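Enquirer: Let me give you the structure first, and then I'll get to my questions.
The values are calculated or read from the model by the stated rules, or taken from the named source; none is laboratory data. The structure displayed is predicted, hence computed values, not measured ones. Note that each Cβ is placed from the backbone with ideal geometry, even for glycine, and that neighbours are counted across all protein chains shown.
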Amino acid sequence: MARYEYAGNASTGWTIRKNGKNFQHIGSGYTLVQSLCCGVCSTDLIRHHLPYPLPQITGHEVVGAIDNIPVVSEINASHLARNDHPDKCPYCTGGMHTHCPDRLTLGINKLPGGFAPFFLAPVAAIRKVPKEISIKTACIIEPFAAALHAVMVTPPGNGDSVAVLGPRRLGMLVIAALNCFRKQQGLRFTISGIVRHKHLEELCFLLGADTVINICDTAKANLKQQFDIVFDTTGNPDGFELALYITKHIVHLKSTHGSKVMGLKRLSDMVVDEIALLPYKSEFLDFHWPAEQIKRKNQNIFVTPTVSEEIIARASKIYPDKSFFRSGIEKANEIIKHDSPFLKDSPVPRFDLAIVADTNEIDSVIRPISTEVSSIVRPRGAILLAGSKAGIHESELLEAIFGRGVEIHTSRCGDFKLALDMLKINPEMTKILEEKFITHCFPLKDIDKAFMTAKDSEQSIKVVIKVNGIN
């Protein structure tokens, strides 16, 4: 327990004192919000493993009140969210404000979160909670927005078979988002929940799954390449391997466990940056997110020296307007830092795509300097794997990408307004989420017990902490 005091305002910024001593200063663009309740997320449970300074007040799935009006706040305090000269930030003007390098992140990185009587919210990131959504249900707007964002990044089409692997805190919301999206768009695709715990089966059906498969009762071989799209929400390396095994075409990765998987050390960072990993095909040089309103030109493409010159020669003939830059990764990183005019036709000072020849180069492109959170490729770009097909059967990852053409998509935070609007027009879904998905509610004084309950996959699904004044 600690006593925090906030002094300041949106214009001058805030001084934070901890136990009577100056602790932190936060700049302008934030307003003080009273906390009502806050959901416990997997990120909260492993917060001490993340590379951000501690101590910190955590909690980012928070509902607050301003003048007794319930509100939620988007968690990325970018220039755009703070109304702090967003026109000077290429990320904020380029439709990628959630990747603004100067952002603080509510309850995760430097910005005090919702497990306290008050929190600081970026002034332009606050959204009113519609009367159709209860305060308790509003606690899941942040993860529901992330789930809906994933569906919009990798939208199923008519006739697709879609699996959600590991539905619990996040995966259940992906099922709900898929169901809402299917209804909204008038599409016909099947949703399958793949679980390990029998007590989760009923909720999968309630939220919209057409079938539920318990992996403990099913032979793995029966699932081989059975689904067009697989959303991996398991949060562990084994889940990604299984997702590759059971997909025909696409794995959408939502897990950020930080572990090495199938030779890749930076898979979690790839999710944070929302970068796709694709087999090299000339048409993927025009890759862009379906969820983006602005179709990217992918003007600047980085190529490692190990990629065949023949591949680039053919690509240059097909796309004579694109610039292919072949160099070592260290040199490319220096260009990004010191010669950004070279990348003037890209939305942010990064390469739009990278073409590499092996999995080690994938890691180096994602994090060329291990101590810096910066990639060669821009957020929402792609890495194309163009190595030799020789020996692909020695690696399940290479076999999936080269042999079967599997695409790996990733995504992170979503749009709160879209999430609020989607739940507002789906009252039955909203009711199910409140009554069945949220399984426990603890007062703030019992936060230790709340965290222990949230860790117990047999006992809970979603745990909410009451801070002030909700039932």
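Enquirer: Given (1) over 20 Å from Leu397 (Cβ atoms); (2) modelled with pLDDT of 90 or more, identify the lone condition not met by Ser340.
Expert: Result: Ser340 passes all but (2).
Enquirer: Six or more apart or on different chains, Cβ atoms under 6 Å: show the pairs whose first residue is in segment 237-251 and within 18 Å of Ser161 (Cα to Cα) and whose second is of a type in the set (Ser, Thr, Tyr) and assigned to a helix (DSSP H, G or I).
Expert: Hits for this filter: zero, empty list.
Enquirer: Filter segment 256-287 down to the residues that are of a type in the set (Gly, Ala, Ser) and over 14 Å from the mean Cα position of the chain (by Cα), then identify the one that is modelled with the highest pLDDT.
Expert: Per the criteria, the residue is Ser282.
Enquirer: Cβ-Cβ below 8 Å, separation at least six or inter-chain, first residue in segment 427-450 and among the hydroxyl-bearing types (Ser, Thr, Tyr), second part of a helix (DSSP H, G or I): which pairs?
Expert: Thr430/Thr137; Thr430/Leu423; Thr430/Lys424
Enquirer: Which of the following residues is surrounded by 23 or more Cβ atoms within 10 Å (Cβ to Cβ), free of Cβ contacts under 8 Å to residues at least 60 places away in the same chain, under 20 Å from the mean Cα position of the chain (by Cα) and closer than 23 Å to His288 by Cα: Leu178, Leu148?
Expert: Leu178
Enquirer: Given the conditions (1) at pLDDT below 90; (2) under 22 Å from Tyr280 (Cα atoms); (3) surrounded by fewer than 15 Cβ atoms within 10 Å (Cβ to Cβ); (4) not basic (Lys, Arg), which single one is not true for Ser346?
Expert: All conditions are met except number (3).
Enquirer: Which one is farthest from the chain's Cα centre (by Cα), of the residues in segment 229-241 that are among the hydrophobic types (A, V, I, L, M, F, W, C) and at pLDDT 95 or above?
Expert: So the residue we want is Ile229.
Enquirer: Please state which of the following conditions Pro70 fails to meet, knowing it meets all the rest: (1) of a type outside the set (S, T, N, Q); (2) under 24 Å from Ile126 (Cβ atoms); (3) not in a strand (DSSP E or B).
Expert: The failed condition is (3).
Enquirer: What is the number of the single condition among (1) surrounded by 18 or more Cβ atoms within 10 Å (Cβ to Cβ); (2) in contact (Cβ under 8 Å) with a residue 60 or more places away in the chain; (3) among the β-branched types (Val, Ile, Thr) that Thr58 does not meet?
Expert: Failed condition: (2).
Enquirer: Considering segment 1-12 alone, what residues qualify as being exposed (fewer than 14 other Cβ atoms within 10 Å of the Cβ), among the small types (Gly, Ala, Ser) and in a strand (DSSP E or B)?
Expert: Ala7
Enquirer: Okay, moving on. Just to verify a result, which residue in segment 19-54, among those that are part of a strand (DSSP E or B) and without any contact (Cβ under 8 Å) to a residue 24 or more places away in the chain, is surrounded by the most Cβ atoms within 10 Å (Cβ to Cβ)?
Expert: Applying the filter and picking the extreme gives Phe23.
Enquirer: Tell me the residue from Ile141, Ile135 that is under 21 Å from the mean Cα position of the chain (by Cα), hydrophobic (A, V, I, L, M, F, W, C) and closer than 24 Å to Thr58 by Cβ, please.
Expert: Ile141
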